[in-house]
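One structure is given below, encoded as structure tokens.
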Amino acid sequence: MPEVEIKDRNNSTVGSIKLDDKVFSIPIKKALLHDYVVNYLANQRQGTHATKTRGLVSGGGKKPWRQKHTGRARAGSIRSPLWRGGGIVFGPQPRDYSYSLPKKVKRMALRTAFSLKMSDGVITVIDGFSLEKPKTKEMVNILKRFGIEKEKVLIITSETDKVLVLSAKNIPRVKVLRALDLNPYDVLVHDRIFITKDAAIRFAVEEN
């Protein structure tokens, strides 16, 4: 059962919390994480790519020359795939790349992602940000106190914190998510993870 310190916005220790082994300390299954990442990225694809077949290319309704006695090859349309400017054979067409994974696999992928980040020592439980009003400068100062102003940071909250969201909105490398909206991909792609104390209680089994 991993025990981590609880920090305040000034990077001072204000307590500790024990987190659930089933979420933060399970064996790392890289194949499971790979399957989820491939699924997530596939579901993000728009699939709007398209090429024009000979039936979609404009023009070419008239036979370019008569069938016989010209000394040239038999041709029925200047939009044949054999001609420059003609249609494309077997080109990409709009399609849906998305597919689903079992819910159990998604849940296990999230736990595995948390366990991986915990083993890397990049998860910080914070007591709260205590921002009275949206202030990007103050958010930047908080990151500087933790020495992570140049890293990609994921902040996980228990409920929507509009002040925090607005404060981090103009910082490209910082993302704020509710615990309910969390997915393994976001956990994996960020260098550092902040979990508010209230959000950590969702995963904790015992708090000191």
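The values are calculated or read from the model by the stated rules, or taken from the named source; none is laboratory data. From a predicted model like this one, the values you see are computed outputs, not experimental measurements. Every residue, glycine as well, gets a Cβ built from its backbone with ideal geometry; the counts of neighbours run over all protein chains shown.
On inspection, Val165 does not qualify as within 13 Å of the chain's Cα centre (by Cα) and crowded, with 16+ Cβ neighbours inside 10 Å.
Regarding region 104-114, can at least one residue be identified that is outside any strand (DSSP E or B), in contact with a Leu (Cβ under 6 Å, 6 or more places away or on another chain), assigned by TED's automatic domain parsing to the domain that holds Ala31 and free of Cβ contacts under 8 Å to residues at least 60 places away in the same chain? The answer is no, given that none of the residues of region 104-114 is outside any strand (DSSP E or B), in contact with a Leu (Cβ under 6 Å, 6 or more places away or on another chain), assigned by TED's automatic domain parsing to the domain that holds Ala31 and free of Cβ contacts under 8 Å to residues at least 60 places away in the same chain. Out of everything in region 1-24 that is aliphatic (A, V, I, L, M) and assigned to a strand (DSSP E or B), what residue ends up being nearest to Phe146 (Cα to Cα)? My answer is Ile6. The single condition from (1) over 30 Å from Pro27 (Cβ atoms); (2) assigned by TED's automatic domain parsing to the domain that holds Val163 that Ser77 fails is (2). On inspection, Arg107 does not qualify as surrounded by fewer than 19 Cβ atoms within 10 Å (Cβ to Cβ), over 30 Å from Ala31 (Cβ atoms) and of a type in the set (Lys, Arg). When region 27-77 is examined, which residues are found to be closer than 28 Å to Gly91 by Cβ, loosely packed, with under 11 Cβ neighbours inside 10 Å and charged (D, E, K, R)? Lys62, Arg72, Arg74 - these are the residues of region 27-77 that are closer than 28 Å to Gly91 by Cβ, loosely packed, with under 11 Cβ neighbours inside 10 Å and charged (D, E, K, R).
Table: residues versus (1) at pLDDT 95 or above; (2) closer than 27 Å to Lys29 by Cα; (3) crowded, with 17+ Cβ neighbours inside 10 Å.
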residue	(1), (2), (3)
Val125	no, yes, yes
Glu132	no, no, no
Val153	yes, yes, yes
Glu159	no, no, no
Lys169	no, no, no
Asp181	no, yes, no
Asp198	no, no, no
Ala204	no, yes, yes
Asn208	no, no, no
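Here Ser130 does not fit the description of being outside the structural domain of Thr196 (by TED's automatic domain parsing) and part of a loop (DSSP other than H, G, I, E, B). In region 25-63, the residue that is nearest to Gly121 (Cα to Cα) out of those that are of a type in the set (A, V, I, L, M, F, W, C) and in a helix (DSSP H, G or I) is Leu33.
Restricted to region 155-202, the set of helices (runs of 4 or more DSSP H) holding at least 2 residues that are free of Cβ contacts under 8 Å to residues at least 40 places away in the same chain, in the same structural domain as Asn11 (by TED's automatic domain parsing) and within 24 Å of Lys137 (Cβ to Cβ) comprises 162-168.
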